[in-house]
1. Of all residues in the stretch 90-102, which are in contact (Cβ under 8 Å) with a residue 60 or more places away in the chain, open to solvent by 30 Å² or more (accessible area, probe 1.4 Å) and within 19 Å of Ile67 (Cβ to Cβ)?
2. Can you run down the residue pairs with Cβ atoms below 9 Å, 6 or more apart or on separate chains, where the first is in the stretch 173-201 and open to solvent by 80 Å² or more (accessible area, probe 1.4 Å) and the partner is among the aliphatic types (A, V, I, L, M) and part of a helix (DSSP H, G or I)?
3. Tally the residues that are under 24 Å from Glu158 (Cα atoms) and part of a loop (DSSP other than H, G, I, E, B), restricting the search to the stretch 40-65.
4. Look through the stretch 66-84, keep the residues that are part of a loop (DSSP other than H, G, I, E, B) and either of a type in the set (A, V, I, L, M, F, W, C) or under 12 Å from the mean Cα position of the chain (by Cα) (or both), and return whichever of them is surrounded by the most Cβ atoms within 10 Å (Cβ to Cβ).
5. What do you reckon, is Ala87 surrounded by 16 or more Cβ atoms within 10 Å (Cβ to Cβ), modelled with pLDDT of 95 or more and over 18 Å from Gly182 (Cα atoms)?
6. Taking only pairs six or more apart or across chains, which ones have beta-carbon atoms under 8 Å, a first residue in the stretch 125-147 that is among the acidic types (Asp, Glu), and a second residue that is open to solvent by 40 Å² or more (accessible area, probe 1.4 Å)?
7. Answer yes or no as to whether Ala41 is touching a strand residue (DSSP E or B) at 6+ places or on another chain (Cβ under 7 Å), exposed (fewer than 15 other Cβ atoms within 10 Å of the Cβ), at pLDDT 50 or above and among the aliphatic types (A, V, I, L, M).
8. Of the residues Arg160, Arg121, only one is touching a residue at least 24 places away in the same chain (Cβ under 8 Å), basic (Lys, Arg), in contact with a helix residue (DSSP H, G or I) (Cβ under 9 Å, 6 or more places away or on another chain) and open to solvent by 10 Å² or more (accessible area, probe 1.4 Å); which?
Amino acid sequence: MSKRILSIIAALALTLYAGAATAQQLTLGQVSAYLNQLQTAQGGFTQINADGTLSTGQIYIKRPGRIRFEYNAPSNALVMAGGGQLAVFDARSNTGPERYPLNQTPLSIILQENVDLVRERMVTNVVSDGTTTTVTAQDPDNPNYGSIQMVFTANPIELRQWVVTDDLGTETTVILNDLISGSVIRDILFNINAETRNRGN
């Protein structure tokens, strides 16, 4: 990874945690309760891809089961989940989205209707660095689907970033910024079939 990318990541981390609350390790019960009350949220994100490149865009979350990543130029890609599927739209393609079962991706762990991180074998690691609590979770019945490493701050509890490791071991980091919860988000934003029709695929 280049020095430029490392410096950007460091700057993002400093911005992310500036002014964070005093040390407090969150319990799995507290994290589960936070995720379960997070019905809707939207904001910006910076994504660090496996090859070290950066992408930015807007994120929309509507639990359970729905999430949307709108990528800025030059990518202009779209990733969305709804109706039990995860769809990847490539702006350069006219063949329609690639689709995957949502429950076979680590994102399903935070999008499920009832998040229970206390469930046996779901959480593989919990660490606190004095500012944040990092929880690594997987599908206990299908650990081969990959894992998600979530970073939370406390007082108030907020999800700040996650690292998804897929079934091939590829890591993708998403850093959230200006995430606003409780906003009204239209269901149509998560309708894969409607998006496909709008794009003429």
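The values are calculated or read from the model by the stated rules, or taken from the named source; none is laboratory data. Every value quoted in this text rests on a predicted model; they were computed, and no experiment measured them. All Cβ positions, even for glycine, are placed from backbone atoms using ideal geometry, and neighbour counts span all protein chains on display. Heads up: the accessible areas ignore ligands, DNA and RNA and are worked out on the full protein's heavy atoms, side chains in. Shrake-Rupley method; radii C 1.70, N 1.55, O 1.52, S 1.80 Å.
1. Arg99 - this is the single residue of the stretch 90-102 that is in contact (Cβ under 8 Å) with a residue 60 or more places away in the chain, open to solvent by 30 Å² or more (accessible area, probe 1.4 Å) and within 19 Å of Ile67 (Cβ to Cβ).
2. Cβ pairs passing all conditions: Ile188/Ala194.
3. Number of matching residues: 4.
4. From the stretch 66-84, those part of a loop (DSSP other than H, G, I, E, B) are 72-77, 83-84; that's our starting set.
Pick out the ones that are also either of a type in the set (A, V, I, L, M, F, W, C) or under 12 Å from the mean Cα position of the chain (by Cα) (or both) and you get 73, 77.
Working: Ala73: 8, Ala77: 17.
Ranking the qualifying residues of the stretch 66-84, first place goes to Ala77.
5. So Ala87 passes the test.
6. Asp139/Asn103; Asp139/Tyr145
7. Working: touching a strand residue (DSSP E or B) at 6+ places or on another chain (Cβ under 7 Å): yes; exposed (fewer than 15 other Cβ atoms within 10 Å of the Cβ): no; at pLDDT 50 or above: yes; among the aliphatic types (A, V, I, L, M): yes.
Taking the combined requirement at face value, the residue does not satisfy it.
8. Details: Arg121 fails: touching a residue at least 24 places away in the same chain (Cβ under 8 Å).
Result of the check over Arg160, Arg121: Arg160.
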